[in-house]
Amino acid sequence: MKKYSMETVVGVFVLIGLICVGYMTVKLGKISLFGEDTYSLNARFASVAGLRVGSSIEVYGIQVGSVESLGIDDKRQMGVVVMKIDKAVKVYDDASATIKTSGLIGDKYIKVDPGGSGEPLKAGGVITQTSVPADIEDLIGKYAFGSVPDGKEKAPEKASEKPNK
């Protein structure tokens, strides 16, 4: 009798351990078992340099989603970003999206201004107002090779102005 009670106790502990491992796998792997709690939105950017799958999506500085995939729109010659947004966050058709840089290392994320004066976007909707930050490398290159005015140049004189004698 004592042998079976010890085996039962060990079996219960093993079962509890397996349940805990399964729960942690689902939570840490961000796997949804009972339906999606996110919806997809698309945005087209002139450049998605530095953005990666899994980069965060922020609204008012709070992470509300992540980048699901990156692609190319051949017709418009733009990069397409598919974002997964929490269902609790409503994004409207007058929303805007901007690629921003986080920290000194330069990790990229998407900042979304959700708008509010239009209709809510449904799953698969497109954010049409997008912008990308200025590329620091391009600006440094232009300044180093003289393409950017340094402010020391004189404005050209107008031909219509004649000196008074």
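Results, tabulated for the structure shown:
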quantity: Listed peptides 90-99, 57-66 by packing density, highest first (mean Cβ within 10 Å); calculated: 90-99, 57-66
quantity: Gyration tensor over alpha-carbon atoms, segment 38-133, equivalent ellipsoid semi-axes in Å; calculated: 19, 16, 12
quantity: In Hz, Karplus ³J(HN,Hα) per residue of segment 46-52 (6.51, -1.76, 1.60; θ = phi - 60°; x = Gly, Pro); calculated: 5, 8, 10, 4, x, 7, 10
quantity: Whole-Hz ³J(HN,Hα) from phi, Karplus 6.51 cos²θ - 1.76 cosθ + 1.60, for segment 131-139, glycine and proline x; calculated: 8, 10, x, 5, 7, 4, 4, 5, 5
quantity: Highest-first arrangement of 42-53, 11-22, where packing means the average Cβ count within 10 Å; calculated: 42-53, 11-22
quantity: Segment 38-133 - charge dipole about Cα centre, Lys and Arg +1 at Cβ, Asp and Glu -1, debye rounded to 20; calculated: 140
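All of the numbers you see were taken from the coordinates with simple rules; none came from a lab. If you're wondering where the values come from, they're calculated on a predicted model, not measured in any experiment. Cβ coordinates were reconstructed from backbone atoms using ideal geometry, including for glycine residues, and neighbour counts include every protein chain displayed.
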